[in-house]
Amino acid sequence: MTAAASTGRMALCFLPEFLCKTPLTGLIKEYSYFSYNANEALHLSEQERRTVVDCLVKIKEELQYPVDKHSKSLIADNIKLLLDYCERFYDRQFITRENLNSDILARFETLLDEYFHSGRPASEGLPTVQYCADRLCLSPNYLSDLLKKETGESALKHIQQKTLEMAKERVFNTRKSVSEIAYELGFQYPQHFSRWFKKQTGCTPNEYRLTN
């Protein structure tokens, strides 16, 4: 494990095995920002930068002491503290970059509308979070985290809600069968669509059509 500094830059590097038998073993996957793209990096204020550097310095100092029974747990605790601060700073960033976030949300909604009206679902299936993130030049986790902060719902939930919205709209069209609607929306099998629709609304597509 190393905590190095060079030309004003610092890096924390450790093998996955280091986390074994520490609380971080089961927690590390909860830090979704590990899969963010480089262009989704943190924009730190000077105070936040000092906080991050302070965590790294503490880890570096601990590495310079003779190893004893406390070393691993203290280093692991400081790594967790650093990761928790980064999570806090990302939460702050999602809030302070409100204009940019609103633009991404609008583009996301437009992207879904265009996809469902393009006829592509019939040949390519339902839109995925990966597909939307790629078109918005974002990582899937960053897109979902941003949407959760803005709306309280993940990207996947937004896609499901848009799919249901389109499904309800097309069910009202009595000229189309449920099977036609299912294929148009990107469902491979009509029965899967009917089960999904009932789970979302409490009734089958035909029951919904008759009721409304």
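The values are calculated or read from the model by the stated rules, or taken from the named source; none is laboratory data. On a predicted model such as this, the values are computed, not experimentally measured, just so you know. Backbone-built Cβ (ideal geometry, glycine too); neighbour counts: all protein chains shown. With ligands, DNA and RNA removed, areas are computed over all heavy atoms of the protein, side chains included. Shrake-Rupley method; radii C 1.70, N 1.55, O 1.52, S 1.80 Å.
The residue pairs whose first member lies in segment 48-65 and is touching a residue at least 40 places away in the same chain (Cβ under 8 Å), whose second member is surrounded by 12 or more Cβ atoms within 10 Å (Cβ to Cβ) and of a type outside the set (A, V, I, L, M, F, W, C), and whose beta carbons are closer than 6 Å, counting only pairs six or more residues apart or on different chains, are I59/N78. Before we move on, is K21 basic (K, R) and under 26 Å from the mean Cα position of the chain (by Cα)? Criteria not met by K21. When you look at V171, is it at pLDDT 95 or above and either farther than 30 Å from A38 by Cβ or out of contact with any Ser or Thr (no Cβ under 6 Å at 6 or more places or on another chain) (or both), yes or no? In short, no. For K199, the conditions (1) buried (at least 16 other Cβ atoms within 10 Å of the Cβ); (2) without any contact (Cβ under 8 Å) to a residue 40 or more places away in the chain all hold with the exception of (1).
Looking only at residues of segment 134-154 that are open to solvent by less than 30 Å² (accessible area, probe 1.4 Å) and either in contact (Cβ under 8 Å) with a residue 60 or more places away in the chain or touching a strand residue (DSSP E or B) at 6+ places or on another chain (Cβ under 7 Å) (or both), we find that the one that is nearest to Y183 (Cα to Cα) is S144.
Set side by side, the residues Y131, Y183 differ, and just one is outside any loop (DSSP other than H, G, I, E, B), open to solvent by less than 70 Å² (accessible area, probe 1.4 Å) and among the hydroxyl-bearing types (S, T, Y), which is Y131. I'd like to check something: does segment 157-180 contain any residue that is more than 30 Å from D103 (Cβ to Cβ), open to solvent by less than 80 Å² (accessible area, probe 1.4 Å), of a type in the set (G, A, S) and free of Cβ contacts under 8 Å to residues at least 24 places away in the same chain? Checked segment 157-180: at least one residue is more than 30 Å from D103 (Cβ to Cβ), open to solvent by less than 80 Å² (accessible area, probe 1.4 Å), of a type in the set (G, A, S) and free of Cβ contacts under 8 Å to residues at least 24 places away in the same chain. The residues in segment 174-189 that are touching an Asp or Glu at 6+ places or on another chain (Cβ under 9 Å) and not basic (K, R) can be counted, and the count is 1.
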